[in-house]
Amino acid sequence: ASPIPSAPHTKDPGSVQPKIGEKHAVIVSHISDLTDFYVQYRSTEKNISSMMTAMKSMYSANVHTPATIINIGMLCCVQLGSDWFRAEIKQVLSNGYILVILKDFGNVQLVTAKAIYPLEGSLISTPFWAVRCGLNNIAPTTPTAIGNFPRQLIQWFHKYATDPNAYHIAHFIRHADERFYIELQDEQGGGDAKPTTTELLITNKCAKRVAENFPAYTGMQAQLSQMGA
């Protein structure tokens, strides 16, 4: 088969968009901060798995060649190990690496140009599965110099939010700062209503209620720093 040519741009299908007031069972797929993380609906688990399998089969067939045009904002398919992910190019660095965000999960990766492939047309029509979120109306009681939550608290939230025995429900409160602000609650086991994540943080004096999340924190710079970029 002939190689499939590179495409410089593809139309962004957007992400799954919950409606304000809705509640969904979710999986937390990536965390930068308590006000900047990504979730996936539990109802889409099979869809994500099927897409990952289809991409692996599609791109492992050796009929694709790496993209010859790299533009910021371009949608693409990225190879990481033996897996393939839908991604967006966020930054081209001076050391030759390219920063991409995995659109179905929310985390960023540094890759080389050889790992970036044109995004197949059949993969463009499906919305991205990751929804960018933040806990609603809270701020750290002892913020770091750049205004986000301390590392130890982010580590606690990561353990809490990704506990495989938990069953988290997200209540979508409002949309601002390019994300949905939510209340997150673990309903594993049923019974009496359990406190929300925000209530746990406030009770333990780790966070405080505020009129709005300020400043809106973005984890992109933090992830770049961790990567040494």
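Helical content alone sets the calculated 222 nm signal of the chain at -5500 deg cm²/dmol, taking -39,500 (n - 2.57) per DSSP H segment of four or more residues and averaging over every residue.
So how do 29-39, 165-175, 141-151, 97-107 stack up, highest first, on mean other-Cβ count within 10 Å?
Details: 29-39: 24.5, 165-175: 16.7, 141-151: 14.3, 97-107: 21.1.
So the order, starting with the most tightly packed, is 29-39, 97-107, 165-175, 141-151.
Our estimate of slack between Ile20 and Glu178, defined as 0.36 nm per intervening residue step minus the Cα-Cα distance, is 55.5 nm. In this rough spin-label picture, where each label sits 7 Å from Cα along the Cβ direction, the Asn62-Asp83 distance is 2.5 nm. Charge tally around Gln109: other residues with Cβ under 15 Å, Lys/Arg +1 each, Asp/Glu -1 each, net +1. Among beta bridges from DSSP that stay inside the stretch 51-113, the antiparallel ones total about 100%.
Give me the accessible area per residue for the chain, probe 1.4 Å, as a whole number in Å². Working shown, then result.
On the way: 11610 Å² over 229 residues.
For the chain, the per-residue accessible area is 51 Å².
To put it simply, the accessible area of the chain at a 1.4 Å probe is 53 percent carbon and sulfur. For the chain, dividing the convex hull volume of the Cα atoms by the residue count gives 133 Å³ per residue.
How large is the dipole of the chain about the Cα centre if only Lys and Arg carry +1 and Asp and Glu carry -1, each at its Cβ, rounded to the nearest 20 debye? Working shown, then result.
Working: 19 positive and 18 negative charges, 37 e Å.
Roughly 180 debye, rounded to the nearest 20.
Less than 5 angstrom separates the built amide H of Leu80 from those of Phe85, all sequence-distant by 5 or more or on a different chain.
What separates the Cα centres of the stretch 62-87 and the stretch 124-202 is a distance of 30 Å. One decimal place: the segment Ile70-Asn204 gains 43.5 nm when fully extended, by the rule 0.36 nm per residue minus the C-alpha distance. Relative to the current alpha-carbon distance between Ser122 and Ala166, full extension at 0.36 nm per residue lengthens the span by 12.4 nm. The magnitude of the dipole of the stretch 59-151, with charges of +1 and -1 set on the Cβ of Lys/Arg and Asp/Glu and taken from the Cα centre, is near 200 debye. A 1.4 Å probe, protein heavy atoms only, puts the accessible area of Ser57 near 80 Å². Taking other residues whose beta carbon is less than 14 angstrom from the beta carbon of Gln40, and scoring Lys, Arg as +1 and Asp, Glu as -1, yields +3.
Compared with the dominant principal axis of the Cα atoms in the chain, helix 45-59 is inclined by about 20°. To the nearest ten degrees, helix 151-161 and the longest principal axis of the Cα atoms of the chain are 80 degrees apart. The local environment of Asn204, defined by Cβ-Cβ distances under 15 Å, has a net charge of +4 under the rule Lys, Arg +1 and Asp, Glu -1.
The values are calculated or read from the model by the stated rules, or taken from the named source; none is laboratory data. Predicted, not measured: the structure shown is a model, and the values here were computed from it. Because the Cβ atoms are built from the backbone with ideal geometry, glycine has one as well, and the counts that use them run over all protein chains shown. SASA here: full protein model, heavy atoms, side chains in, ligands and nucleic acids out. Shrake-Rupley method; radii C 1.70, N 1.55, O 1.52, S 1.80 Å.
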